[in-house]
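Structure first, commentary second.
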Amino acid sequence: MPFWGVSVVAVLLGLVLFVWNLGSIGLVDETPPLFAASARAMAESGDWLIPQVNGLPRYDKPPLVYWLMAAFYSLPGQHLWDPWGSWSAGLPSALASGGTLLLLCLLTAWWERRLLGQPQGLWLVAGLLYGLSPLVMLWSRIGVSDSLLTALVALAMVSSWCSFTSPRVPWWICWLALGLATLTKGPVALVLFGLCWAGYALLEQNVSRVWQRLRPLPGVLVSLVVAAPWYVVVFWREGTPFVESFFGYHNLQRFTQVVNRHASPWWFYGAMLLVASLPWSPLVLLGLWRGLRRGQSLARFAACWLLAVLLLFSLSATKLPSYWLPATPAAALLTVSVLPQPDAAVRWCLRLGACVALAVGVAVATTPIWLARVSDPDLVNLPQLLAGSLLLPIAVALLVVGALMALWVSAWNHRLWFSAPVLAVQFSWLLLLPAVFWPLLRLGDGLRSQPMRTLALRASAVQASSQTSGVPIAMLGLIRPSFHFYSRAPIAYEGTSTQALVDLSHRLRREPRVRVPQNSRRILVAAPLQLEQHRLWAALLSPRVDQQGRFGLWWLDLTRLDRKSQLLQQRQGLKPTWQEPRPERF
């Protein structure tokens, strides 16, 4: 197939995998609504320099992904074609993953023509391996920065390898991509790039050629020209709080200390390698081994790329599954690198991968057993809903049929069918999207997100009425940023302890974004229904205004709140603590 045909198929595949049905569900707590609210605030306020959420600056990430989201939120009639805000928030991630898939398909098509002399469909295998990775499927549909970072890192890696192997490819493309990546998630992209090429240069024993072709000194200057102006302007405007939050907390402290209880063992990313490449993890490991020992140039480079991600984030104290995303394109390249030589080891890995796919089907068949043990109160009715649908039987049938076909095809000895077992499984997984995956997302949205979304819209309507206009809203006992996004109002998030009661009373009198109007003696409160039985809060609540699922909305009497707060301060010596610096406060 010509390159234009590869491009057309890859674009269509990316649209199906990442864009189709993107707006069928609302925003999922916890992190995506923070990104979405910040981007929408940019579009509505006109301040595109610093992201703001819930009335406070958000220093956790640079602005590129916020700018892209805000561009969609700025389109005319956005509230009509995107009423839940999920299209505008998720499109940058979806398009970034689609771009990564296109890049992989084109690179693999060029590589197999150069290596094999004729295309044999490896480009389609590479695209499906990346696009159907469980990790990629999840993060490509939520509005965070990880998929955009992955796309820019992939562009930097691929373009740098191309410029290294061919002088016709401009050397500066990779540095431009790294500058944009630094505007997406900070300096981590430069570190990954440096680790990858340092490992490759040492393995090839040709440091001088790598240095000459990549031109790192002028290259870093290109990256700085792209990324540095935003950092300089923000530092000039915000000063120390920005430096301490972005560089101190979100970069240095996340690397050296466990943040937000995201602690995992040292082997966590080894496990992520296996999970993210299911069911073809054996082929990835074989490609990694051969690439490091005696592989051709691209396979060895992909091995260094994957190991750079593995090494850097294994050393990090804070570990999250999304940190592995930049390694998923490298894993796809390592898989296809071994398929053109279907020797005994490759055939063994193909059969093992097919058995893993069969095991996944068996695991899905046991879903009702382990799902009943899930402690998430929002999903308590999920087992009953699944039992009354055909989603699980369809999923099991597709998985098992694809795995059995792969086992059957892997027994063939014809050389032209070396990628057929992989494609058999991947096509069965592709059919899972419309048949199972998207219906499951809508089912989960109805259970977990819709009650909070409906309650937030109800709170917004009550707050906007003529008699209660400007009354603050507090959320007690849980933190759901989607409530702020859908209510379009500043929210005072507090717990339900005695300290939280004192803090809320003090905040409502002094914090400008949630200050109570002088003529008001009550505020709106959203919380779990158990708040009505709470020993501290029950007496402060009026009859319930609304209920959605396990959450409720009440009026809270401020006179009684202040009185109880003063009593607690006198008897227990409590002092307000809400003004103390908190890195994750919003």
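The values are calculated or read from the model by the stated rules, or taken from the named source; none is laboratory data. None of these values were measured; they are calculated from a predicted model. Counting neighbours? That spans all protein chains shown, and the Cβs are built from the backbone with ideal geometry, glycine included. In case anyone asks, the SASA skips ligands and DNA or RNA and just uses the protein heavy atoms, side chains included. Shrake-Rupley method; radii C 1.70, N 1.55, O 1.52, S 1.80 Å.
Points worth noting:
- For PHE235, PHE418, PHE72, the ranking by accessible surface with the largest value first comes to PHE235, PHE72, PHE418, using a 1.4 Å probe.
- Its residues counted as N, the range 463-525 yields a C-alpha radius of gyration over 2.2 N^0.38 Å of 1.08.
- Solvent-accessible surface of the range 118-267, averaged per residue with a 1.4 angstrom probe and all protein chains in place: 45 square angstrom.
- Only Cα pairs under 8 Å and 6+ residues apart enter the sum, and on that basis the relative contact order of the range 137-241 stands at 28 percent.
- 222 nm mean residue ellipticity, helices alone, for the chain (DSSP H n ≥ 4; -39,500 (n - 2.57); rounded to 500): -19000 deg cm²/dmol
- Antiparallel DSSP beta bridges within the chain, percent to nearest 5: 65
- The alpha-carbon of LYS575 sits under 19 angstrom from the alpha-carbons of these aspartates and glutamates, leaving out residues fewer than 8 places away in its chain: GLU494, ASP503, GLU511, ASP562.
- Alpha-carbon centroid distance for the pair the range 66-127 / the range 1-51, whole angstrom: 9
- Among 335-345, 103-113, the peptide with the highest mean count of other Cβ atoms within 10 Å heads the list, and the full ranking is 103-113, 335-345.
- Relative packing of peptides 394-403, 27-36 - highest average C-beta neighbours within 10 Å first: 27-36, 394-403
- At least 30 Å along the helix axis (C-alpha) and Kyte average at least -1.0, DSSP helices within the chain: 86-116, 216-238, 344-365
- For peptides 57-64, 308-315, sequence by mean Cβ density within 10 Å, most packed first: 57-64, 308-315
- Panel values: the range 106-193, Kirkwood radius from alpha carbon pairs, Stokes-Einstein at 10 °C and 1.306 mPa s, translational diffusion coefficient 110 µm²/s.
- Note on ALA271/VAL516: beta-carbon distance plugged into 1/(1 + (r/R0)^6) with R0 of 56 Å gives a FRET efficiency of 0.65.
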